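What follows is a single structure, written as structure tokens, with notes after it.
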Amino acid sequence: MSAARGEPLLSLVTVCRNAARTIGDTFASVRAQRGPEVEYVVIDGGSDDGTVELIRREAGIIDAWVSEPDRGIFDAMNKGARRSTGRNLWFLNADDRLEPGALSEVLDRLRDAAGDGAREGGREGGSVGAGEGGVILAGRTRRVDDDGTTLAIDRHVAPGTRAGEPAHTFAHPSTIMPRALFDRLGGFDPSLRIAGDYDLLWRAMSLHTPVIELDRVLTVMRAGGVSSGDAPLAMRVRHELEVIAVQRRHAGVAAAARGHLVRLGRLLGARAAAPGGSAR
């Protein structure tokens, strides 16, 4: 059950299923940084590998949790949003963790944005007033291997450099969205299995939502996620098909085809550049 207190400034939401191997690091990062302005909600999809026992062990930092079947990761995230009460939402995956100091900086930025209406929060090309929906905070994401070695730090794509792909300007694991905007958008589309975050951010950008871009890492993400470059081939194919479907939905067939060709070119280029690699 949720703690009896005022409306939190931020709700952290972790969704998981059979994540006993990694979720301990997620919990440790929250425990080290969580304060009274932060609510933490965990949605488990009916794990049977010991994850639920780990959740119970962390009762001191978790305000609300449930373990029950769901219809996929984005259905679970919607459920987490409904069960939380904070004015802003940050989805922290069960194989990710907060970068040290990230939560403090996010809270500072959220307070500033609430106080000044995000006068400096517009993206390149013209500031947009925060209005009722508030502003999105977008930081950078560090991708690491199982040993903690940094593989890459996701960087922002300069706004306007890729027509028809506004959601590619920031990564979902380090994105904080106002609840009012999330609710206005209707949350994630649960019919999407992998690219639901991409679709949500695209819809947010279609409303010209102002974005405060933080030039620092907020989230550390283990390699191997469903949309990552080292995921199994079948999963990567499904992700590409969903991305194409989202692009068709929001920007039309031509934009979807262009985006697919760009990503295909990157993939072939990366394979050719790898040691012993081939573009074939």
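Points to keep in mind about this one:
- Label separation (Ser191 vs Asp215): 4.1 nm, computed from points 7 Å beyond Cα along the C-beta direction.
- In this rough spin-label picture, where each label sits 7 Å from Cα along the Cβ direction, the Ala223-Asp48 distance is 3.2 nm.
- Each of Leu233 and Ser206 was given a label point 7 Å from its Cα along the Cα-to-Cβ line. The distance between the two points is 3.4 nm.
- When the Cα positions of Leu54, Val41, Leu98 are compared along the charge dipole of region 1-101, Val41 comes out farthest toward the positive end, with charges on each C-beta of Lys, Arg, Asp and Glu.
- Amide H partners (placed H, <5 Å) of Ala64, local residues excluded: Tyr40, Val42
- The distance linking region 192-218 with region 24-42 is 23 Å (Cα centroid to Cα centroid, whole angstrom).
- Rounded to the nearest 10 Å², the accessible area of Leu9 at probe 1.4 Å: 10 Å²
The values are calculated or read from the model by the stated rules, or taken from the named source; none is laboratory data. Quick caveat: nothing in here was measured; it's all calculated off a predicted structure. When we count neighbours, we look across all protein chains shown, and the Cβ atoms used for this are built from the backbone with ideal geometry, even at glycine. For accessibility, only protein heavy atoms count, side chains too; no ligands or nucleic acids. Shrake-Rupley method; radii C 1.70, N 1.55, O 1.52, S 1.80 Å.
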